[in-house]
Amino acid sequence: GRVEGYAARLHYTTEWIAQGVERGLFRDVTPGLGGVPDTRPIRFMSRHPDSYAPLKGESLYAKDNLRDIVRMEETINRIPRSYLPKEKLAAVEERIQSGDILCFATSIDGLDYSHVVIAFREKPGARLGFIHASSSAKKVVVEPRTLEAYLQANPRINGVTVLRLNE
């Protein structure tokens with residue numbers, strides 16, 4: 001369908017996950033890996049309108065967009081989501097497959113996820129790594145650290161949501 005208005009676009013990863021699951025593109029395998037519910041409210045955009053040009057200022061356009069974003073966030077907050085805490089990763093790492101999509105659950109107030117990557121193993125039995133669009137390298141890279149090491153080095157990442165493509 002058509003996207004009507006700024007708030008109708010996908011602004012949060014939670015929306016993208018819900019649409020992908022609904023369309024049968026992938027399934028969320030996080031609960032089966034020991035994931036825990038994430039009940040923190042999503043409200044980053046409405047709490048930081050000056051960070052988004054369509055929400056910034058006192059124009060009717062900005063006010064209407066902000067009102068619509070608040071409604072959209074209320075809808076998103078009704079979507080259940082879970083993540084595997086990074087402290088639990090080692091126990092289930094072998095059950096995560098190359099090609100799984102990993103969404104990094106963040107501790108940033110009001111935000112659901114901070115990054116999306118693809119799980120990757122060099123060879124069977126190797127430690128789990130990932131491929132991602134690196135902001136520091138400004139290109140897609142195979143991360144040199146294991147997933148576990150990367151998560152442990154980043155205090156703002158709470159854990160991962162694991163999505164598996166349907167065949």
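Taken over the stretch 31-73, the residue count meeting the criterion of being part of a helix (DSSP H, G or I), open to solvent by less than 60 Å² (accessible area, probe 1.4 Å) and within 30 Å of V92 (Cα to Cα) is 2. Of all positions in the stretch 47-56, at least one carries a residue that is in contact with a Gly (Cβ under 9 Å, 6 or more places away or on another chain), free of Cβ contacts under 8 Å to residues at least 60 places away in the same chain and more than 20 Å from H115 (Cβ to Cβ). Across the stretch 122-143, the qualifying residues are those that are open to solvent by 40 Å² or more (accessible area, probe 1.4 Å) and in contact (Cβ under 8 Å) with a residue 12 or more places away in the chain, and the one among them that is nearest to V70 (Cα to Cα) is I131.
Considering the stretch 7-30 alone, what residues qualify as being of a type in the set (V, I, T) and surrounded by fewer than 17 Cβ atoms within 10 Å (Cβ to Cβ)? Reasoning before the result, please.
Filtering the stretch 7-30 down to residues of a type in the set (V, I, T) leaves 13-14, 17, 21, 29-30.
The one that is of a type in the set (V, I, T) and surrounded by fewer than 17 Cβ atoms within 10 Å (Cβ to Cβ): V21.
As a summary of the residue check, N77 satisfies the conditions (1) open to solvent by 60 Å² or more (accessible area, probe 1.4 Å); (2) in contact with a helix residue (DSSP H, G or I) (Cβ under 8 Å, 6 or more places away or on another chain); (3) polar (S, T, N, Q) except for the one numbered (2).
Suppose the filter is modelled with pLDDT under 95, acidic (D, E), more than 15 Å from I101 (Cα to Cα) and open to solvent by 80 Å² or more (accessible area, probe 1.4 Å); does E4 pass it? Full working, then the answer.
Details: modelled with pLDDT under 95: yes; acidic (D, E): yes; more than 15 Å from I101 (Cα to Cα): yes; open to solvent by 80 Å² or more (accessible area, probe 1.4 Å): yes.
So E4 passes the test.
Can you list the strands (runs of 3 or more DSSP E) found entirely within the stretch 74-167 that contain at least 1 residues being modelled with pLDDT of 95 or more?
Numbers: elements: 82-85, 101-106, 113-120, 129-134, 139-142, 157-165.
Ranges flagged: 82-85, 101-106, 113-120, 129-134, 157-165.
As a summary of the residue check, I108 satisfies the conditions (1) within 21 Å of I76 (Cα to Cα); (2) in contact with a helix residue (DSSP H, G or I) (Cβ under 6 Å, 6 or more places away or on another chain) except for the one numbered (2).
The values are calculated or read from the model by the stated rules, or taken from the named source; none is laboratory data. Note that the structure is a prediction, hence the values are computed from the model and not measured. Counting neighbours? That spans all protein chains shown, and the Cβs are built from the backbone with ideal geometry, glycine included. Accessible surface is based on the protein model in full, side chains and every heavy atom, while ligands, DNA and RNA are left aside. Shrake-Rupley method; radii C 1.70, N 1.55, O 1.52, S 1.80 Å.
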